[in-house]
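Structure first, then comments.
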Amino acid sequence: MSPVDAAPRLLVRSLHKIMAEPDTGQTRLNNIVRMVATLMVAEVCSIYLTRRDGSLELFATEGLKQDSVHNTHLKRGEGLVGLIAERGMPVNLKDAQSHPAFSYRPETGEEIYHAFLGVPITRTGKTLGVLTIQNRTNRHYSEDEVEALQTTAMVLAEHLASHDGPQLSEDQRSRPQSLSERMLVKQLSGGIALGLIVLHEPRIVVKELVAETPEVEHKRLKAAIKTLRTTVDEMLKRGDMARLGEHRDVLEVYRMFAHDRGWIARMGDAIDRGLTSEAAVDRVRNDMRVSMLRQTDPFWRERLQDFDDLSDRLMRILAGKTETAASQDLPADTLLVARSMGPAELLDYDPEKLRGLIVEEGGYNSHVAIVARALGIAAVGEARGIIAKVDPGEPAIIDADAGEVHIRPDQELVDAYSEKVRFKARRQKQYEELRDKPAKTRDGELIALHMNAGLLVDLPHLEESGADGIGLFRTELQFMISSTIPRLKQQTEYYRKILDAARGKPVIFRALDIGGDKILPYLRHVHEENPALGWRAIRMSLDRPGLFRMQVRALLRASEGSTLRIMLPMVTEVWELEKARDLISFELDRLKQFDRNGPEEVLVGIMIEVPAVLWRLEELFEKVDFASVGSNDLLQFLFAADRSNPYVADRYDPLSMPAVQSLKKIVDTAARHNTPLELCGEMAGRPIEALALIGLGYRAISMPPAFIGPIKSIIRKIDAAEIRNITLQSIEGGGGELRQNLETYLQAHSIDW
């Protein structure tokens with residue numbers, strides 16, 4: 001074996017010895033460049049590191065003038081070294097000085113060298129620096145030499161990322177980091193959070209680089225790949241993934257990567273060159289990242305994060321660490337970052353330490369978004385590629401209200417957001433003082449403010465917010481976070497805990513609203529072109545009444561001695577209400593037959609969210625005990641604009657004429673029939689929209705608990721009769737000025753909103 005052919009294996013072993021020595025970071029860098037120059041028969045070996053401003057600084061060299069160390073700086077993209085750092089690709093030149101990007105630096109004495117090979121020092125997609133070798137002769141370096149230098153750069157990257165890297169002056173860095181970065185994202189749960197990054201699936205740091213027995217490493221890699229393929233296949237078989245659609249196509253590409261022979265062969269070659277299985281995966285991942293970034297086809301560039309995620313999964317399997325960060329000791333201000341995650345996984349985290357959530361996938365209506373809102377943490381989605389941009393422990397800011405994430409923010413930005421958070425905290429303190437006071441207008445109109453809930457973790461908010469009750473309890477969330485169908489006993493105990501926690505305040509249980517975007521992984525589902533308008537909610541419950549009847553049975557048992565309020569979702573026809581009431585009556589009779597005590601009273605209501613119901617209100621209000629307007633679905637169906645679709649979500653105004661007239665029709669009809677009515681939806685928690693609802697005649701509204709304080713504060717400062725006059729006059733005048741007129745009223749009375 002020639003010295004060149006043996007270089008990769010010898011370099012790895014020699015680097016391993018250098019890393020084991022109790023030297024300072026700078027001494028290690030000096031030892032590395034001397035060792036690389038010797039083993040690769042190079043006259044020059046140099047290490048350049050990236051500074052905070054993106055420039056590059058010469059940190060260690062063998063062969064160039066030592067006075068140039070820490071005195072030679074290259075601007076971002078300057079010279080061959082800057083070119084390598086910017087493109088993230090090796091540069092191999094026979095005569096470096098003839099290249100147009102060559103930058104002459106007289107202080108280094110490199111003008112006598114011609115052959116040049118430079119490779120980026122990268123880690124998790126970030127360029128930490130550049131490693132170069134040079135010779136006087138005019139020649140191209142061989143593929144094996146390029147391979148050897150890349151392997152050295154990989155080991156060097158881990159050294160630089162460790163805490164024992166070179167200790168530098170205040171304007172330098174021992175661990176090169178990228179500049180501050182702002183990402184545009186989508187809100188999942190409102191709020192602002194400052195904290196430190198924690199990866200939901202921790203990245204594995206490769207510590208053992210040298211393979212003692214390559215045969216053993218090949219076996220480990222083969223077993224890990226088999227496990228990985230099985231995991232991916234199981235993902236594709238899951239109930240919520242088995243349907244056709246874009247997510248299915250993404251997972252098919254994911255599986256294609258897992259079965260790619262070229263990928264596996266390259267990892268095997270890296271093991272043959274002396275690396276452990278983990279180091280081989282990391283090395284090939286970095287190489288393929290560079291290759292995929294060079295592709296002009298956007299498909300492959302977009303698949304880069306799929307490949308990164310697959311490599312991370314394989315690394316965790318090899319390391320035997322498949323658990324999530326929930327089992328770790330978390331910082332007190334954790335900002336959790338994940339590609340995707342289930343709602344139950346989010347509940348595994350300590351809510352006292354969890355400040356925010358960032359996911360690469362997932363929209364406003366995703367299961368994890370619903371749980372994030374229940375926990376009251378700031379959360380954002382559609383943060384494409386963020387896992388590759390951050391390292392654990394880095395500072396970040398989530399501004400879910402503005403749809404922004406700031407990675408590695410500068411101190412000025414941190415100070416600005418800290419003041420925002422303090423201001424909101426002061427405002428919240430003022431709202432707490434109103435907790436036990438009624439939401440009564442100046443002219444004596446009492447408005448019932450209820451809260452939306454869906455999990456046991458929501459229940460403390462009932463007392464904290466001063467809500468008058470729970471206007472919407474989403475019972476499907478219990479099913480969504482469970483790996484199997486909750487049994488009768490589980491459901492009964494669950495509903496009993498909710499009623500006990502409510503302490504006599506009214507609780508409206510919405511019957512199962514599954515289907516559409518709420519897929520239960522343990523139930524088989526049919527493919528639907530438009531699931532939001534398909535087989536869901538009351539439609540599914542009546543066609544397959546088993547789940548509905550078991551839920552009603554559990555609710556009846558849990559409500560012993562109290563009032564049970566059941567609300568039916570997605571009712572479109574009168575016969576649906578009648579059939580559901582028959583099933584409820586059947587279960588109530590069955591309860592009595594078994595001599596079980598049931599509720600003192602059972603009230604059955606409907607959720608008004610299908611526009612067709614607006615022309616059946618007279619009949620329906622004769623048969624219901626109460627009704628609730630589901631403004632989210634009602635308005636998106638009314639305007640044919642999906643609120644979770646960023647292209648059309650803002651195409652309608654809830655205070656426009658069609659919306660306001662529809663809402664007024666409902667409240668007027670309910671008044672004629674003396675039917676208790678409330679509205680639950682996003683507009684109930686928005687100040688101007690809430691005022692409009694009061695002006696239309698709504699006297700009960702339900703919202704997320706965080707909005708109850710602000711809405712109550714405004715209600716106690718207004719005159720309901722004046723708001724009603726403004727609302728009705730705006731409607732009579734065409735309705736176009738309603739929002740502006742209400743804002744003018746608040747300004748005239750010096751009311752903040």
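The values are calculated or read from the model by the stated rules, or taken from the named source; none is laboratory data. What you are looking at is a predicted structure, and each value in this text was computed from that prediction instead of being measured. Cβ placement follows ideal geometry from the backbone for every residue including glycine, while neighbour counts extend to all protein chains displayed.
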Q: Just need a number here: residues in region 688-731 that are over 23 Å from Glu463 (Cα atoms) and basic (Lys, Arg).
A: 1
Q) Any chance region 247-265 includes a residue that's among the aliphatic types (A, V, I, L, M) and modelled with pLDDT of 85 or more? A) yes
Q | Pick from region 437-454, criterion surrounded by 21 or more Cβ atoms within 10 Å (Cβ to Cβ) and among the hydrophobic types (A, V, I, L, M, F, W, C), ranking: nearest to Ile377 (Cα to Cα) | A | Ala453
Q: Mind telling me which of the residues Ser418, Ser465 ends up being within 28 Å of Ile718 (Cβ to Cβ) and hydroxyl-bearing (Ser, Thr, Tyr)?
A: Ser465
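Given the options Val629, Val667, Val602, name the one that is surrounded by fewer than 21 Cβ atoms within 10 Å (Cβ to Cβ) and within 23 Å of Ile688 (Cα to Cα).
Working: Val629 fails: surrounded by fewer than 21 Cβ atoms within 10 Å (Cβ to Cβ); Val602 fails: within 23 Å of Ile688 (Cα to Cα).
Step by step, each of Val629, Val667, Val602 is checked, and only Val667 is surrounded by fewer than 21 Cβ atoms within 10 Å (Cβ to Cβ) and within 23 Å of Ile688 (Cα to Cα).
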Q) Among the residues of region 435-451, is any of a type outside the set (A, V, I, L, M, F, W, C), modelled with pLDDT under 95 and within 30 Å of Leu556 (Cα to Cα)? A) no
Q) Applying the selection to region 682-716, what residues are under 21 Å from Gln187 (Cα atoms), in contact with an Asp or Glu (Cβ under 7 Å, 6 or more places away or on another chain) and assigned to a strand (DSSP E or B)? A) Ser702
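For region 100-148, how many residues meet the condition of being assigned to a helix (DSSP H, G or I) and at pLDDT 90 or above?
Taking region 100-148 and keeping what is assigned to a helix (DSSP H, G or I), we get 110-112, 143-148.
Subset that is at pLDDT 90 or above: 112.
Residues that pass the stated criteria total 1.
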Q. If you go through region 58-73 one residue at a time, do you hit one that is in a helix (DSSP H, G or I), modelled with pLDDT under 85 and farther than 19 Å from Ala115 by Cα?
A. no
Q.
Being in the same structural domain as Ser340 (by TED's automatic domain parsing) and without any contact (Cβ under 8 Å) to a residue 24 or more places away in the chain narrows it down to one residue among Ala402, Ala379; which is it?
A. Ala402
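Quick check: is even one residue across region 603-610 farther than 23 Å from Leu499 by Cα and part of a helix (DSSP H, G or I)? Write out each step before concluding.
At the first step, the residues of region 603-610 found to be farther than 23 Å from Leu499 by Cα are 608-610.
Restricting the remaining residues to those that are part of a helix (DSSP H, G or I) gives none.
No: region 603-610 contains no residue that is farther than 23 Å from Leu499 by Cα and part of a helix (DSSP H, G or I).
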Q: Under 8 Å between Cβ atoms, at least 6 apart or on separate chains: pull out the pairs that start in region 99-111 with a residue that is in the same structural domain as His73 (by TED's automatic domain parsing) and end on any residue that is assigned to a loop (DSSP other than H, G, I, E, B) and basic (Lys, Arg).
A: Glu107/Lys65; Thr108/Lys65; Gly109/Lys65
Q | Flag if Leu691 is touching a residue at least 24 places away in the same chain (Cβ under 8 Å), under 25 Å from Gln747 (Cα atoms) and either of a type in the set (A, V, I, L, M, F, W, C) or surrounded by fewer than 23 Cβ atoms within 10 Å (Cβ to Cβ) (or both) | A | yes
Q | Output for region 96-124, where each listed residue is of a type outside the set (Gly, Ala, Ser), touching a Phe, Trp or Tyr at 6+ places or on another chain (Cβ under 9 Å) and either crowded, with 21+ Cβ neighbours inside 10 Å or under 13 Å from Gly63 (Cβ atoms) (or both) | A | Glu110, Glu111, Phe116, Leu117, Ile121
Q | Odd one out for Ser483 among (1) modelled with pLDDT of 90 or more; (2) within 28 Å of the chain's Cα centre (by Cα) | A | (1)
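From the list Ala612, Ala640, which residue is at positive phi and either loosely packed, with under 15 Cβ neighbours inside 10 Å or touching a Lys or Arg at 6+ places or on another chain (Cβ under 6 Å) (or both)?
Working: Ala612 fails: at positive phi.
Criteria check complete, one pass: Ala640.
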Q: List the number of the failed condition for Arg596; all other conditions in (1) surrounded by 15 or more Cβ atoms within 10 Å (Cβ to Cβ); (2) not in a helix (DSSP H, G or I) hold.
A: (1)
Q: Would you be able to tell me the number of residues in region 667-682 that are out of contact with any Phe, Trp or Tyr (no Cβ under 9 Å at 6 or more places or on another chain) and touching a residue at least 40 places away in the same chain (Cβ under 8 Å)?
A: 3
Q. Mind checking which residues of region 523-554 are surrounded by fewer than 15 Cβ atoms within 10 Å (Cβ to Cβ) and not in a loop (DSSP other than H, G, I, E, B)?
A. Leu533, Asp543, Gly546
Q. Which condition number does Gly356 fail, the rest of (1) free of Cβ contacts under 8 Å to residues at least 40 places away in the same chain; (2) over 15 Å from Pro202 (Cβ atoms); (3) touching a strand residue (DSSP E or B) at 6+ places or on another chain (Cβ under 8 Å) being met?
A. (1)
(Q) Return the pair list, or none, for Cβ contacts closer than 7 Å from residues in region 540-562 that are in the same structural domain as Ile498 (by TED's automatic domain parsing) and in contact (Cβ under 8 Å) with a residue 40 or more places away in the chain to residues that are among the charged types (D, E, K, R) and outside any helix (DSSP H, G or I), at least 6 apart or on different chains. (A) Arg557/Arg596; Ser562/Glu600
